[in-house]
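First comes the structure, then the notes that go with it.
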Amino acid sequence: MIIVHDRKEVRHEFDVPEGKALMLQLRPKKIGIIGLCNGNAACGTCHVYVEKEWLDRLPDPDEYEAEMLDEVAERRENSRLACQIEYQADLDGLEMTVAHRS
């Protein structure tokens, strides 16, 4: 299960299967995750803010994600791309907020 706060700060809880990128699982939920590049870390439309206590459980961003994060509006220390976060059982309870787009 993951917890996602949409752009209106409404809390949503979703059960998601393991082994699949969160962007692919959240895009159909219509909560603000768009994923125009279909998960290639090239558009930033799946930009999220991961709650800080979860950051050390995620792998560091690779060079492509880091480069895209340098381009997104309102980047924060806890910014990540949902297309680059693959859900695994040890992420049960992961909490994030969908970033606002300019």
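Taking all C-alpha pairs of the chain, those more than 20 Å from each other amount to 27 percent. Our helix-only sum for the chain, with -39,500 (n - 2.57) per DSSP H run of n ≥ 4 divided by its residues, gives a mean residue ellipticity at 222 nm of -2500 deg cm²/dmol. Working note: Karplus 6.51/-1.76/1.60 with θ = phi - 60° gives the range 30-39 the couplings 6, 10, x, 8, 9, x, 4, 8, 6, x Hz, where Gly and Pro are set to x.
Every number here is computed from the coordinates shown, using simple stated rules; none is lab data. Everything numeric in this text was worked out from a predicted model, so none of it was measured.
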